[in-house]
Amino acid sequence: MEIDLGKVPFTMDFHPSDNLVTAGLITGDLHLYRFNADSSPQRLLEIHAHSESCRAARFINDGHAIITGSSDRSILATDLETGSPIARLENAHEDAIFSLINLTESTVATGDDQGCVKVWDTRQRSCCNSFNVHDDYVSDMTFASDSMKLLSTSGDGTLSVCNLRTNKIQSQSEFSEEELLSVVIMKNGRKVICGSQNGTLLLYSWGFFKDCSDRFTALSPNSIDSLLKLDEDRVITGSENGLISLLGILPNRVIQPLAEHSEYPIECLAFSHDRKYLGSISHDQLLKMWDLDDLLQNSGNAQNDQAPVSDSDSDAMDMDTKPPKSRKGAKRKNEHANDATSSFFADL
């Protein structure tokens with residue numbers, strides 16, 4: 001199933017309980033679609049949400065609203081039923097917003113091009129935490145809800161851990177030679193997996209974030225732009241060559257290529273609410289929804305056919321020596337934020 005968005009998308013998200021998908025575009029527009037297996041997707045909303053590119057979008061409030069972040073530095077909450085703006089915050093960050101994730105029912109986190117991470121209370125419409133944690137753009141974030149730890153990766157090559165209970169930066173890794181672009185928590189919270197600019201997966205042990213415990217180079221030299229956890233042992237990757245692959249973690253192995261979106265980088269991967277579909281977006285202006293069961297039907301055979309590359313958790317992995325390639329940050333950081341001013345989360 002495909003949706004022609006008409007412009008290059010930067011972000012997508014599925015509704016938490018309905019067959020709805022949203023996409024944010026380079027134009028600043030926000031689209032909302034309803035999809036079903038037996039009919040063509042129907043566009044429900046098309047909103048010019050921001051004056052510059054819409055880089056991040058997430059459903060919030062149990063799917064009753066969509067929150068978006070933009071390179072124009074603004075955050076917008078939009079009502080799902082009416083398409084009307086609920087609240088807007090201009091100058092939410094000092095620089096362009098790059099990433100956004102849900103934390104709890106009433107909080108989200110945003111990261112910008114200068115490396116600042118902020119936590120927002122969507123009910124109070126205010127910033128409750130701010131961390132100047134990185135020296136470059138915040139490429140991705142993930143949240144460990146049991147320990148209230150917010151993990152972020154950056155173009156400066158570091159992984160950081162912010163403790164939301166103490167409002168302190170708890171830990172930060174040593175600088176990697178390549179940009180870190182994506183992050184997931186796996187192995188029941190024992191491992192943190194980061195995708196990098198040169199295609200290496202860096203594995204960190206929980207609580208020991210200074211240096212990675214393992215490196216997996218099978219996808220090198222193509223940057224790993226997106227990571228999506230399938231289960232505690234398998235992760236789906238989206239690379240700059242447009243390939244979507246299924247990888248096993250500890251033992252580290254490429255289980256199988258799943259799909260080829262296009263020849264362009266994968267911007268985002270996401271599951272539908274029922275996990276029937278895997279969604280992907282790329283620079284071909286298409287949002288594609290793949291039947292997940294169809295993609296995985298041969299994964300069992302593929303696992304048996306592929307010998308593990310590594311079943312250890314040592315630092316003795318072979319290192320990738322190819323020079324890093326420009327990616328996510330270089331592609332978007334030329335979108336300069338404007339200097340518009342407005343009231344703090346003013347109701348519209």
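The values are calculated or read from the model by the stated rules, or taken from the named source; none is laboratory data. The model shown is predicted, which means the values in this text are computed figures rather than measured ones. As a convention, Cβ positions derive from the backbone with ideal geometry for all residues, glycine included, and neighbour counts pool all protein chains shown. Just so you know, the surface numbers come from the protein's heavy atoms only, side chains and all, with ligands and any DNA or RNA stripped out. Shrake-Rupley method; radii C 1.70, N 1.55, O 1.52, S 1.80 Å.
The table that follows gives values for the structure above.
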quantity	calculated
Estimated distance in nm for a label pair at ALA144 and ASP4, the labels positioned 7 Å out from Cα along Cα-to-Cβ	4.6 nm
Per residue value of the accessible surface for the range 90-202 (all protein chains in place, 1.4 Å probe), Å²	35 Å²
Net lengthening on full extension, PHE175/GLU260 (0.36 nm per residue, minus Cα-Cα)	27.4 nm
Cα coordinate range in the range 25-143, projected on the principal axes (Å, largest first)	47, 27, 25
Difference of contour (0.36 nm per residue) and Cα-Cα distance, ASN188 to HIS64	41.6 nm
Greater than 28 Å apart at Cα, pairs in LYS149/LYS187; LYS168/LYS210; LYS210/LYS288; LYS118/LYS210; LYS118/LYS288; LYS7/LYS276	LYS210/LYS288; LYS118/LYS288
Cα-only radius of gyration and Dmax that characterise the chain, units Å	19.1, 59
Highest-fluctuation residue, ILE185, ILE97, ILE86 considered, GNM on the chain with Cα pairs under 10 Å	ILE86
Projected-area mean, the range 94-230, by convex hull of Cα positions, square nanometres	7.9 nm²
Rounded to whole Hz, the Karplus (6.51, -1.76, 1.60) HN-Hα couplings of the range 28-39, x for glycine and proline	x, 7, 10, 10, 10, 10, 9, 10, 9, 5, 9, 8
Inter-centroid distance (Cα atoms) of the range 165-194 relative to the range 12-49, Å	31 Å
Cα-centre dipole for the range 1-110 with unit charges at Cβ (Lys and Arg positive, Asp and Glu negative), debye to 20	100 debye
Label-point separation in nm, ALA37 to ASP18, each point 7 Å along Cα→Cβ	2.1 nm
For the chain, built as a Gaussian network whose Cα springs stay under 10 Å, the top-fluctuating residue of SER40, SER205, SER99	SER40
Shape call, the range 1-71: gyration tensor on alpha carbons, a/c limit 1.5	oblate
Helical contribution to [θ] at 222 nm, DSSP H n ≥ 4, -39,500 (n - 2.57), averaged over the chain, rounded to 500	-1000 deg cm²/dmol
